[in-house]
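S.K.: Provided herewith is a single structure, encoded as structure tokens, for subsequent inquiry.
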Amino acid sequence: MKSFVKSFKYALHGLRYAFAHERNFRLEIYCAFAVCVGALVFNISKLEWFIVIINIAAVLAVELINTAIENLCNMIHQSTHPTIKIIKDISAAAVVITALCAFVCGCIIFVPYIINILK
């Protein structure tokens, strides 16, 4: 049980580090908060909540993986290196793809609610 508690402590340390040092992670946290507020205001369905939560988790998880890859690459090779650049670019692309998918899902969920209000 102690190792489980320790691993949870390490994970929280990683979250604190990412929030303190990664601008994009902070922005994604703020967007997630705004989406959750919107979900509460519009009283979205359980299925819609499920989709929102999965998308938020996916974007944040991929951003954390991207951060880890970038830090590892920077540790391995401090100066510019073509292969390191490709690795970092691919890692960043994974975040963009995940965020775009989350955005599209968010539009599919929230636009009908917004249109309903504007009628």
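S.K.: Being in a helix (DSSP H, G or I) and buried (at least 16 other Cβ atoms within 10 Å of the Cβ) narrows it down to one of Phe25, Phe33, so name that one. Break it down stepwise before answering.
M.R.: Details: Phe33 fails: buried (at least 16 other Cβ atoms within 10 Å of the Cβ).
Of Phe25, Phe33, the one residue that is in a helix (DSSP H, G or I) and buried (at least 16 other Cβ atoms within 10 Å of the Cβ) is Phe25.
S.K.: Another question about this same structure. If I filter segment 1-29 down to residues being out of contact with any Leu (no Cβ under 8 Å at 6 or more places or on another chain) and among the aromatic types (Phe, Trp, Tyr), which single residue comes out as nearest to Cys101 (Cα to Cα)?
M.R.: Filtering segment 1-29 for residues that are out of contact with any Leu (no Cβ under 8 Å at 6 or more places or on another chain) and among the aromatic types (Phe, Trp, Tyr), the one nearest to Cys101 (Cα to Cα) comes out as Phe19.
S.K.: Something else: Select from segment 70-113 the residues that are in contact (Cβ under 8 Å) with a residue 12 or more places away in the chain, over 20 Å from Phe50 (Cβ atoms) and open to solvent by 60 Å² or more (accessible area, probe 1.4 Å) and list them in ascending order. Even if it seems obvious, please write down each step before you answer.
M.R.: Of segment 70-113, the ones in contact (Cβ under 8 Å) with a residue 12 or more places away in the chain are 70, 73, 87-88, 91-92, 94-95, 98-99, 101-102, 105-106, 109-110, 113.
Add one more test, that the residue is over 20 Å from Phe50 (Cβ atoms), and what stays is 70, 73, 87-88, 91-92, 94-95.
Matches in segment 70-113: Ile87 only.
S.K.: I've got another one for you. Restricting to segment 1-22, name every residue that is of a type in the set (Ser, Thr, Tyr) and surrounded by 11 or more Cβ atoms within 10 Å (Cβ to Cβ).
M.R.: Quick first cut of segment 1-22, residues of a type in the set (Ser, Thr, Tyr) only: 3, 7, 10, 17.
Residue satisfying the conditions is Tyr17 alone.
S.K.: Give me the residue from segment 37-48 that is exposed (fewer than 15 other Cβ atoms within 10 Å of the Cβ) and of a type outside the set (D, E, K, R) and, out of that set, nearest to Asn66 (Cα to Cα).
M.R.: Within segment 37-48, the subset exposed (fewer than 15 other Cβ atoms within 10 Å of the Cβ) is 37, 40-41, 43, 45-47.
Filter again for of a type outside the set (D, E, K, R), leaving 37, 40-41, 43, 45, 47.
Working: Val37: 27, Leu40: 30, Val41: 32, Asn43: 33, Ser45: 31, Leu47: 28 Å.
Once the filter is applied, the top-ranked residue is Val37.
S.K.: Please verify whether Ser7 is assigned to a helix (DSSP H, G or I) and at pLDDT below 95, treating the condition exactly as stated.
M.R.: Details: assigned to a helix (DSSP H, G or I): yes; at pLDDT below 95: yes.
Criteria met by Ser7.
The values are calculated or read from the model by the stated rules, or taken from the named source; none is laboratory data. All values reported here derive from a predicted model rather than from experimental measurement. Backbone-built Cβ (ideal geometry, glycine too); neighbour counts: all protein chains shown. In case anyone asks, the SASA skips ligands and DNA or RNA and just uses the protein heavy atoms, side chains included. Shrake-Rupley method; radii C 1.70, N 1.55, O 1.52, S 1.80 Å.
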